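See structure below.
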Amino acid sequence: MKEAITLKQLKAAVGTEIGCSEWRTVTQEMINLFADATDDHQFIHVDPERAAKETPFGGTIAHGFLTISLLSTLAYEALPMIEGATMGINYGFDKVRFMSPVNTGRRVRARFKLVDADIRPSGRVLNNYEVTLDVENLIKPALVANWLTIAVLEHPPEMD
């Protein structure tokens, strides 16, 4: 996670890429654990030999929902905290598109463009990010999403 930024700096960052995570390898163990947690054991995710023979992917691929789940940790690593924020809350997604599969062993990273930061008198900041999950050495990203998060401020801001 980066250094904290002020509300003024946050507003000034609207329209820009505000963070980019490090690369993270998607392993078969990660995929298997996700399959166990979600009870989604489709062979394209958990059976490397069969996936190599019966799919165009050349082996297993990550679940789409696994790739979207990685955004939480990648955001924590890439995005600055808002000064005075006590917590961040996942508010949901306006749009998610899975653009290309993530093969086992590939590395991914998330880039976050701040589309809007709605600072509310309640002491909550609704952030809208355009998130792109890149796959190393591929032109087409794994996913593109509009992600909404809420930062809860310790003290409501003084509004102009």
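We did not get these values from a lab; they are worked out from the coordinates using the rules stated. From a predicted model like this one, the values you see are computed outputs, not experimental measurements. So basically every Cβ, Gly included, is an ideal-geometry build from the backbone, and we count neighbours across all protein chains shown.
Taking a straight line from the alpha carbon of LYS11, these lysines sit under 27 Å away, with near neighbours fewer than eight places off in the same chain left out: LYS2, LYS95, LYS113. Relative contact order for the chain: 28 percent, from Cα pairs under 8 Å spaced at least 6 residues apart, divided by residue count. In units of the compact-protein estimate 2.2 N^0.38 Å, the chain shows a Cα radius of gyration of 1.17.
Rounded to the nearest 10 degrees, the angle from helix 64-78 to the longest Cα principal axis of the chain is 40 degrees. Bridges between two residues of the range 2-153, per DSSP, are antiparallel at a rate of about 95%.
Result for the chain in a Gaussian network model with C-alpha springs under 10 Å: among PRO80, PRO121, PRO56, the largest mean-square fluctuation is at PRO56. Neighbour counts of other Cβ atoms within 10 Å put SER100, SER122 in the fewest-to-most order SER122, SER100. Residue-wise HN-Hα couplings along the range 32-49, as the Karplus relation 6.51 cos²θ - 1.76 cosθ + 1.60 with θ = phi - 60° gives them from phi, are 4, 5, 5, 4, 5, 5, 9, 6, 10, 9, 4, 4, 5, 9, 10, 10, x, 5 Hz; Gly and Pro carry x.
Here's the picture: charge each Lys and Arg Cβ at +1 and each Asp and Glu Cβ at -1 in the chain, and of GLY59, LEU33, LEU138 the one pushed furthest to the positive end of that dipole is LEU138.
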